Amino acid sequence: TQLLEQSPQFLSIQEGENLTVYCNSSSVFSSLQWYRQEPGEGPVLLVTVVTGGEVKKLKRLTFQFGDARKDSSLHITAAQPGDTGLYLCAGARGYGQNFVFGPGTRLSVLP
Amino acid sequence: EAGVVQSPRYKIIEKKQPVAFWCNPISGHNTLYWYRQNLGQGPELLIRYENEEAVDDSQLPKDRFSAERLKGVDSTLKIQPAELGDSAVYLCASSPRQGEYIQYFGAGTRLSVL
């Protein structure tokens, strides 16, 4: 049983479209992270959220942490081919605790 | 500043053979992680070091896997003997210290066991 679930598993869209991917759990997390991983590379941290209801923006990417700190979403506006990759969420139950990763959403943005 | 360096990038071995992976973390980072990433999945923690001490190895299959971090810098992860199910990408990551939210990952070693 996955502690963190991500949906959709796969997503293929055209350049310029908007999209949202989700990260859900029945557990409460003290912090949650989003990573992007490209083929043949390690994950790269995009953002860390720690406060319930928190919203962070990184250019065309908007991250939201659920009020109950059990879920998160990542919204991409006007997707570009460079956004293609595996998007992973990872949560930690407490300070100093290990981060547990979800299975990821594989995004493909077609030109 | 150099990132986390892993070698080799690829390794192909036959089952029952031994294999070792090497990781050089970012200079000054006290915390080092080894993860395994199966195809289509997220990384799963195998072991975490704080300096030279393994503080969490609960997910490391100790019958065949071993790890060490001598002098609290470089680390090696070994599998002996390898099984078909060990085929995966082995990722190393480092953080400045325990509790730091940021993990920096290496590019990984892709292991294929035939």
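Okay, here's what the table says:
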item	result
10 Å Cβ neighbours from other chains, averaged over peptide A:34-42	4
Pairs of lysines in the protein assembly as shown (C-alpha under 19 Å apart; 8 or more residues apart or interchain)	7
Cα-based shape type of the protein assembly as shown, given that a ≥ b ≥ c are square roots of the gyration tensor eigenvalues and the cut on a/c is 1.5	prolate
Label-to-label distance, nm, for residues given as A:Q80 and B:R97 (7 Å Cα→Cβ offset)	3.7
Cleavage-rule hits (trypsin sites (Lys or Arg not before Pro)) in region A:1-73: DSSP loop, at most 14 neighbouring Cβ within 10 angstrom	A:K59, A:R60
Spacing of the two label points (7 Å from each Cα toward its C-beta) at A:S7 and A:R60, in nm	2.6
Sparse-neighbour loop sites [GluC sites (Glu not before Pro); region B:57-114; at most 15 other C-beta within 10 Å; DSSP]	B:E83, B:E100
Choice from B:V19, B:V73, B:V55 with maximal GNM fluctuation in chain B (Cα, 10 Å cutoff)	B:V55
Sites B:L70 and B:Y10, calculated FRET efficiency, Cβ-Cβ separation with R0 35 Å, nearest 0.05	0.90
Charge dipole of the protein assembly as shown about the Cα centre (unit charges at C-beta), most positive-ward option of A:A78, B:S95, B:N24	B:N24
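The numbers here are math on the coordinates, done by the rules we state, and not lab data. Since this is a predicted model, take the numbers as computed values, not measurements. Note that we place each Cβ from the backbone using ideal geometry, even for glycine, and neighbour counts take in every protein chain shown.
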